[in-house]
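Notes follow once the structure below has been shown.
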Amino acid sequence: MKKIYFATIIILIFGFSECDSQLISSYGAKIGITSAGQDWNYSGILSGMSIYDKYRTGLDIGGYVEWFSLPVFSVLTEAHYIQKGCKDVIPITTLDSPDGNGATITRAPRIDYLSFPLLAKIRFDTPILTIYGIAGYRIDFLIAKNSDASGEVFDDFKSTDYGPTIGFGISVSNVFGYCLGGEFRYSFSSQEIFSNQVLTVKNKSMELLLTVGF
């Protein structure tokens, strides 16, 4: 199923070079920041333990092709490089200060993915701008991790992740010959990227993107 989905996205983004140009209504780039986190859920005697429960800021760079010229509906196929992960602030403890001495260590594990969303887009056009909502599904392929993302849990993260993406945005046409806009989206996972007898881990992220259409 994952291979079929991946192949479909690649064909829709990079294929159809000989197809009727009316199928493609626009194409362009998206760049911005992501606020990424992970849900580390412990069970048993460790239930309720808080670890890596903060968000880290990363980069999101991608391209898109928008298909079909229907009045309110279109389809987006996209490819993104996105930095996800999490963050934890750990208090430094000593024998004299078992509850911490006020100093902390910050760890911000970064997990890099190639992400391929397939999204439905509903548009509301005005004379000045376009307001739209998006919703769909994506599959992410793990490609890299930073030095903070090491250890038994991080080393065993699954190589693929998948789940829904929803969002909304606005765009303005004919700005120096381009279509410029902004977009907010929320992405979460339908599966655990790690699980054992006591712990499950899931990705989640919010993206704020600048869009440039041609």
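Things to note:
- Local net charge near ASP148, Cβ-Cβ under 12 Å (Lys/Arg +1, Asp/Glu -1): +4
- Pairs exceeding 24 Å between alpha-carbon atoms, taken from LYS145/LYS204; LYS54/LYS84; LYS87/LYS158; LYS87/LYS145; LYS30/LYS204; LYS121/LYS158: LYS121/LYS158.
- About its Cα centre, the chain has a charge dipole of approximately 240 debye under the convention of +1 per Lys or Arg Cβ and -1 per Asp or Glu Cβ, with nothing else charged.
- Of the residues GLY181, SER25, VAL65, the one whose Cα sits farthest toward the positive end of the charge dipole of the chain, with +1 on the Cβ of Lys and Arg and -1 on the Cβ of Asp and Glu, is SER25.
- Of interest is the spacing of the C-alpha centroids, which for the stretch 70-85 and the stretch 190-206 amounts to 24 Å.
- The packing ranking, built from the mean of other Cβ atoms within 10 Å per residue, places the peptides 54-60, 152-158 in the order 54-60, 152-158, highest first.
- Magnitude of the charge dipole for the stretch 94-207, about its Cα centre and with charges confined to Cβ atoms of Lys, Arg (+1) and Asp, Glu (-1), is about 520 debye.
- The chain: relative contact order as a whole-number percent, Cα under 8 Å and 6+ apart: 21 percent
- Axis of helix 2-14 versus longest Cα principal axis of the chain: the two differ by about 40°, to the nearest ten degrees.
- Note on the chain: helix-only mean residue ellipticity at 222 nm, from DSSP H runs of 4+ residues weighted -39500 (n - 2.57) and normalised by residue number, equals -2000 deg cm²/dmol.
We did not get these values from a lab; they are worked out from the coordinates using the rules stated. Everything numeric in this text was worked out from a predicted model, so none of it was measured. Virtual Cβ from ideal backbone geometry, glycine too; neighbours counted across all protein chains shown.
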